[in-house]
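Reviewing the structure listed below.
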Amino acid sequence: MNENLFASFATPTMMGLPIVILIIMFPSILFPSPNRLINNRLISIQQWLVQLTSKQMMTIHNSKGQTWTLMLMSLILFIGSTNLLGLLPHSFTPTTQLSMNLGMAIPLWAGTVFMGFRHKTKAALAHFLPQGTPIFLIPMLVIIETISLFIQPVALAVRLTANITAGHLLMHLIGGATLALMSISPSTALITFIILILLTILEFAVAMIQAYVFTLLVSLYLHDNT
């Protein structure tokens, strides 16, 4: 049981070669670009959701921050679609890999921090030392604020990884318990199966919420540095 518990998180291979890149590129075909004068319902709903999300997320930004709109919308679409595809049977969720989430979080965080030091140098440096700090606490607070700044991308990646991984593990455990109880107690197996269905619905919501939270936090870091 312990050997198969994390089998769904292993990197998939085909003929001995990893196919993670193909899996990562697959969600892009789910969002076709409109090439007609009048779009169909699917593309219209897609554009409406993207416009609603971008309007809600980018209204707090100035002109410099709004240049990141395409990047942030692409990010939330990619994470959301990847999380949802990972809920399908016999699928693989790349966002359960901490290395991939760090690969998204660190460059985006670094870009916002560099923008802050470039355009708001005094304000960016002021975050390391709050106003009215006693002189004897200055070295300690500078160290603490520096550590908290460098923890931000790690917190982004770990939050996404932990939430997606925990949901998948819980679904795996409840599914295994349902199969084991079918021959022992069908009534109990029915209860666990209903719990599994409810948990699956919850995981669909968590997949979208985590994509929104990840992108929203990057947007807030950007707002603080522009």
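The values are calculated or read from the model by the stated rules, or taken from the named source; none is laboratory data. Just so it is clear, the model here is predicted, and its values are computed rather than measured. Heads up, the Cβs are rebuilt from the backbone with ideal geometry, glycines too, and the neighbour counts pull from every protein chain shown. Protein only, heavy atoms only, side chains kept; ligands, DNA and RNA dropped before computing areas. Shrake-Rupley method; radii C 1.70, N 1.55, O 1.52, S 1.80 Å.
Key figures for this structure:
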read-out	value
Selection from the stretch 55-72 of residues that are more than 23 Å from V113 (Cβ to Cβ) and either assigned to a loop (DSSP other than H, G, I, E, B) or not basic (K, R) (or both)	Q56
Filter result for the condition that a residue is open to solvent by 40 Å² or more (accessible area, probe 1.4 Å) and either not in a loop (DSSP other than H, G, I, E, B) or not polar (S, T, N, Q) (or both), over L75, L49, L87	L49
Residue tally, condition of a type in the set (G, A, S) and free of Cβ contacts under 8 Å to residues at least 40 places away in the same chain, over the stretch 58-90	2
Residues that are closer than 26 Å to L85 by Cα and open to solvent by 40 Å² or more (accessible area, probe 1.4 Å), drawn from the stretch 178-188	L179
Hey, S99 open to solvent by 40 Å² or more (accessible area, probe 1.4 Å) and either closer than 16 Å to N163 by Cα or within 11 Å of the chain's Cα centre (by Cα) (or both) or not	yes
Helices (runs of 4 or more DSSP H) lying entirely in the stretch 111-226 (those with 2 or more residues that are over 30 Å from S63 (Cβ atoms) and touching a residue at least 40 places away in the same chain (Cβ under 8 Å))	138-182, 186-224
Some residue of the stretch 105-113 being modelled with pLDDT of 85 or more, under 13 Å from the mean Cα position of the chain (by Cα) and open to solvent by less than 70 Å² (accessible area, probe 1.4 Å)	yes
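Every residue, every condition in (1) at pLDDT 85 or above; (2) open to solvent by less than 30 Å² (accessible area, probe 1.4 Å), yes or no:
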residue	(1), (2)
V158	yes, no
N163	yes, no
H172	no, no
L190	yes, no
L196	yes, no
V218	yes, yes
